[in-house]
Amino acid sequence: MIGRAFLATFRTILGDSTALTLLIGSAILYSFFYPSAYSGEVPSRIPIAVADLARSGASRSLEAKLAALQQAEVVARPPSPEDALRWIERRRASAMVVIPEGFERHILRGEQGTVALYGNGAYLLRSSTALAGVAAAMGAIGREAATDQAMALGAPAPPALTLIQRPLFNTREGYGSAVFPGVTFLIIHQTLLMGLALLAATMRERQGPLTYSLRGLLGIALAFFAVGCANVAYYAGFVFWFQDMPRAAGSIAALAAATALFVAATVAAALALASFFRTRERPLQLWIITSLPIFFFSGLSWPAAAMPAWLVPLTRLLPTTPGIHLMIGINQMGASLAEQSDELLNLAALTLLYGAIAVARYRRREATPVER
């Protein structure tokens, strides 16, 4: 009975082009379409203008280092700061560097050289990236000057502290790398939820009230469970690698266990929700109005600490809230199952809760003479 229901569910999916597109096609489409918006999340080759008023060897050395930066590209060398400002006003440059007169003289005397940096505030990310590159080039010039001074005056004492910056989880330090891995599991959740609800509503329109035995319901659940696990494997195994997203930090066994619980809770919730839909259009309408709130409730971009206290427990009724925390923690951050025990228990409880609701709904319908 379980095997027949399992195969019948796949035949139903393959026979419904809309459901097939929602369950399989949309997952593939999202894997390439959604990350493309963040493909340029780390700006590079930002145009800058350099006004060299010093016209010395040190200023030319600084210009050469600026031209070699990945973050910035020297597009103009205007003769004055006013001319450099016009490049920014015309949006032909995102930032400008002004090297004042006496730049080299101050350095050779052991004094502090000054360089003025200006960015366009209308494009904060581009300007900050360009200025960060300029600051790195100036740091290189400063180290060279310190070496020259040390050769003349004697080696200075080493610094007491050295700052080493190493991003742990979001190694690219981009917005897409922070958001897309979490949104991935929201996509999987929503496609499973709406795909199953769409099929159930379609069958109810054609056949009337749906009735299933416990084994038949389990066969349907296993079919959608297989689809969900395949989607997770596709994203975690291929898409994250192809899109160069943070990945594979945890063990495969931990990821498999987390995937099983997350997909099981999602399928149970989908079966319970599908029992309430009677028309084919309702699941798609629900998808449109709930995707964004569910994303915020997950705590991915809006932390739970910023939510009203009464709302936080309610968000735990959604499989996405513990599910995204669990999958990101293991796949992106390398957490163990023991460290994610709260999320595991939350998903297990939701699986039992929504599974019981689904069984009660479909078996109760079977015992209702009026609907027969």
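For this structure, a couple of remarks:
- So ALA84, is it in contact (Cβ under 8 Å) with a residue 40 or more places away in the chain, outside any loop (DSSP other than H, G, I, E, B), crowded, with 16+ Cβ neighbours inside 10 Å and among the small types (Gly, Ala, Ser): no
- Selection count where residues are surrounded by fewer than 19 Cβ atoms within 10 Å (Cβ to Cβ) and either of a type in the set (Ser, Thr, Tyr) or at pLDDT 80 or above (or both), scope the stretch 188-209: 1
- Unique residue being small (Gly, Ala, Ser), touching a residue at least 12 places away in the same chain (Cβ under 8 Å), open to solvent by 50 Å² or more (accessible area, probe 1.4 Å) and touching a helix residue (DSSP H, G or I) at 6+ places or on another chain (Cβ under 9 Å) when the list is SER291, SER275, SER301: SER301
- Residue count for the stretch 98-122 satisfying the condition of being open to solvent by less than 60 Å² (accessible area, probe 1.4 Å) and over 34 Å from the mean Cα position of the chain (by Cα): 10.
- Any chance LEU347 is crowded, with 22+ Cβ neighbours inside 10 Å and within 21 Å of GLY195 (Cα to Cα): yes
- Selection of the stretch 45-80 for residues being open to solvent by 40 Å² or more (accessible area, probe 1.4 Å), without any contact (Cβ under 8 Å) to a residue 40 or more places away in the chain and closer than 19 Å to ASN120 by Cα yields ARG45, GLU73, VAL75, ARG77.
- Test set (1) within 26 Å of PHE32 (Cβ to Cβ); (2) crowded, with 16+ Cβ neighbours inside 10 Å; (3) at pLDDT 80 or above - GLY174 fails condition number: (3)
- If the condition is being over 18 Å from LEU284 (Cα atoms) and hydrophobic (A, V, I, L, M, F, W, C), then the stretch 176-206 contributes ALA178, VAL179, PHE180, VAL183, PHE185.
The values are calculated or read from the model by the stated rules, or taken from the named source; none is laboratory data. Keep in mind it's a predicted model, so treat the numbers as computed, not measured. Note: ideal-geometry Cβ built from the backbone for every residue, glycine included; neighbour counts use all protein chains shown. The protein model used for the area step is the full one, side chains on, heavy atoms only, and it has no ligands, DNA or RNA in it. Shrake-Rupley method; radii C 1.70, N 1.55, O 1.52, S 1.80 Å.
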